[in-house]
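**Student:** What follows is a structure written as structure tokens; I'll ask about it next.
The values are calculated or read from the model by the stated rules, or taken from the named source; none is laboratory data. Bear in mind that the values here come from a model prediction, so they are computed numbers and not experimental data. Cβ coordinates were reconstructed from backbone atoms using ideal geometry, including for glycine residues, and neighbour counts include every protein chain displayed. To get the accessible areas, we keep the full protein, side chains included, count just its heavy atoms, and leave off ligands, DNA and RNA. Shrake-Rupley method; radii C 1.70, N 1.55, O 1.52, S 1.80 Å.
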Amino acid sequence: MAIDIQATGTLGIAFESVAGTYVAPTKFMPLRSESLKYQQDTYWRRVIRGLADNIGGVNGPSHIEGDIEIEVLDDVFPYFLYASRNTVAKTGASAPFTYTTTPFHGANPTSARTLSITVVRNGVVFGYTGCVVSSISMTVDNGVLVATMHIVGRDEATQSAPTPSWPTTTPFGHGVYTIGIPTGSTVLDIDTFTFQVNDNAVAEPRLSTTRAPQFVRFAQREVTLSVSRDFSSRTDYDAYKALTAQSVRILASKGANNSVQLTMPAAVKDDFTVGQLGSQGDLVRSDITYQATYDTATSKSYEFIVITAESIT
Amino acid sequence: MASVKVDLPNMPKYSDLNEDQIANGDGVVQIDYLGTFKNGETTDVDDAVVAVWSVNTGKDWPESGTLVIDHSEANEQRKNALDDLRKNDPEVYNALMADLARQKLLDTSGTAENNVVADVVVEAPVEIPQAETPAAGGTDSTPPAKADTNTEAAS
């Protein structure tokens with residue numbers, strides 16, 4: 001096999017019908033990066049038998065883990081929501097469809113919403129199976145909405161090379177954002193944010209005839225948002241001191257047919273740092289970190305609503 | 001003349017889209033070395049383009065003359081996986097089918113019937129044979145084995 005550059009790589013995903021059984025990709029996506037990896041916890045034989053060397057390795061548990069970083073495309077992102085610790089409701093009689101998430105609280109991923117992820121690196125095909133989204137981190141890079149999904153899965157095997165068909169949808173760039181704090185009150189003093197939901201997925205090996213984990217389970221959920229704002233009054237700062245919950249909404253929209261909206265209905269400021277005075281020319285800014293708490297009115301700590309022409313069934 | 005047919009059920013047909021959706025790039029896929037194609041349509045491609053595609057991908061053009069971009073391979077794999085599960089682990093299969101039926105409640109778009117996973121519900125639920133119970137008056141007092149109801153393997 002000839003050498004090649006990483007630009008020629010591809011990644012495609014498909015929902016599995018039976019968790020852990022490979023399905024050829026049905027959706028391809030342009031990548032910013034990926035780091036999917038087969039990880040094995042090898043038992044190294046360090047027994048006492050007159051030798052100072054490692055005697056050899058014996059199979060230990062294995063699983064799949066790594067990140068997929070993408071530009072957020074409205075036709076791609078919902079697939080990862082389905083594979084995350086959410087139930088996803090789909091509405092709309094025809095395109096565009098609306099996908100609304102509700103986080104759930106159990107240990108198991110929703111059945112039949114595990115992913116097979118096919119990665120081609122220098123023409124070599126890696127088929128990762130039983131994959132779920134453990135965490136989603138969303139931010140902006142030079143105004144473009146990007147997201148990193150941390151993946152935990154079961155196993156990997158080589159597969160036949162797919163023929164990629166690439167979406168031609170475009171990312172959300174500068175000039176498409178509406179940020180409300182609280183949701184109905186648009187603020188214009190935020191230049192960057194980072195949202196993260198981490199459901200702490202763990203591969204669970206069990207003694208059986210396979211090395212792959214028996215299942216992947218979720219654990220405690222942590223939902224945070226950090227923003228940088230121009231500092232102009234004490235109002236928000238005092239709300240921080242009082243632990244006042246606020247709704248926060250970030251909408252990236254290219255119109256009625258294509259949008260991604262994130263809402264934290266009961267966000268409480270965990271940290272509020274007003275920029276220290278130390279540089280004559282710098283703006284006085286504030287760095288705020290929110291913890292999303294469970295909102296009894298909506299039964300959610302956070303929610304994604306994606307409007308797209310993509311029809312996911 | 002070679003052609004490319006794009007029939008992707010997860011994308012809208014190009015002919016059904018409005019101007020905004022077309023401007024966003026919906027309903028169109030791009031295939032390396034071949035070009036851009038509208039979903040739901042069959043488009044002719046030049047032999048020279050096919051040759052470039054073949055050299056760069058290392059693949060032969062289909063003998064039928066039409067490269068079909070669809071989900072048939074994935075659908076077949078899904079069906080086979082479910083068939084295997086149904087034969088080998090009917091309890092897990094039944095639990096999975098019940099879960100899928102509940103998930104369909106979340107889809108009010110009218111497109112849930114396109115769900116290939118749900119469509120391969122063959123004869124669910126599978127009838128699961130009960131463990132044999134000792135005959136009345138028998139001396140064996142061992143209770144019948146309890147079926148394993150752990151469904152985590154399917155999740």
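**Student:** Mind listing, in residue-number order, the residues in the range A:4-26 that have at least 10 Å² less accessible area with every protein chain present than in their own chain alone (1.4 Å probe)?
**Tutor:** A:F15, A:S17, A:V18, A:A19, A:T21, A:Y22, A:V23, A:A24, A:T26
**Student:** If you don't mind, another one. Just from the alpha-carbon atoms, what are the Rg and Dmax of the range A:199-242 in angstroms?
**Tutor:** According to the Cα coordinates of the range A:199-242, Rg and Dmax are 21.2, 63 Å.
**Student:** Given Cα positions, please report Rg to Rh for the range A:170-313, the hydrodynamic radius being the Kirkwood one.
**Tutor:** Using only Cα positions, Rg/Rh for the range A:170-313 is 1.08.
**Student:** Another one. Taking Cα atoms of the range A:252-313, Rg/Rh with Kirkwood Rh, to two decimals?
**Tutor:** 1.19
**Student:** For the range B:14-119, restrict the atom set to alpha-carbon positions and state the Rg and Dmax in Å.
**Tutor:** Cα only, the range B:14-119: 19.1, 54 Å (Rg, Dmax).
**Student:** What Kirkwood radius, in Å to one decimal, follows from the Cα pairs of the range A:164-246?
**Tutor:** Computed over the range A:164-246, the radius equals 17.5 Å.
**Student:** Given a 1.4 Å probe and no ligands, DNA or RNA in the count, how much accessible surface is buried by A and B, both sides, to the nearest 100 Å²?
**Tutor:** Counting both chains, the buried surface is close to 3800 Å².
**Student:** Now, a different point. Quick one: the Cα spread of the range A:26-158 along its three principal axes, in angstroms, biggest first?
**Tutor:** Sorted from largest, the Cα extents of the range A:26-158 read 72, 35, 27 Å.
**Student:** Another question, then. Just checking the output field for A:94-105: average partner chain Cβ neighbours within 10 Å of each residue's Cβ?
**Tutor:** 3
**Student:** Taking K and R as +1 and D and E as -1, what net charge do the other residues with C-beta under 13 Å from the C-beta of A:D67 add up to?
**Tutor:** Every neighbour counted, the sum reads -1.
**Student:** Of all the accessible heavy-atom surface of the range B:1-116, with the other protein chains kept in place and a 1.4 Å probe, what percent is carbon and sulfur?
**Tutor:** Carbon and sulfur: 46 percent of the exposed surface of the range B:1-116.
**Student:** If one puts a single equal scatterer on every Cα of the range A:1-74 and applies the Debye formula without solvent, what log₁₀ I(q)/I(0) results at q = 0.12, 0.21, 0.26 Å⁻¹?
**Tutor:** -0.60, -1.07, -1.25
**Student:** Right, another one. When all C-alpha to C-alpha distances in the range A:241-285 are sorted into bins of 5 Å, what percent of pairs does each bin hold, rounded to whole numbers?
**Tutor:** Pair shares across the bins are 5, 16, 14, 13, 14, 14, 14, 7, 2, 0.
**Student:** Under unit Cβ charges (Lys, Arg +1; Asp, Glu -1), what dipole magnitude, rounded to 20 debye, does the range A:164-294 have relative to its Cα centre?
**Tutor:** The dipole magnitude comes to about 480 debye.
**Student:** What nm distance separates the two modelled labels at B:K79 and A:Y38, each placed 7 Å from Cα along Cα→Cβ?
**Tutor:** Result: 3.0 nm between the two label points.
**Student:** Return the Rg/Rh ratio of the range A:113-182 with Cα-based radii and a Kirkwood Rh.
**Tutor:** Over the Cα atoms of the range A:113-182, Rg/Rh equals 1.09.
**Student:** Considering the Cα positions of the protein assembly as shown, please state its Rg to one decimal place and its Dmax as a whole number of Å.
**Tutor:** 25.3, 96
**Student:** Please report the Cα spread of the range A:58-135 along all three principal axes, rounded to whole Å, starting with the longest.
**Tutor:** Sorted from largest, the Cα extents of the range A:58-135 read 52, 34, 19 Å.
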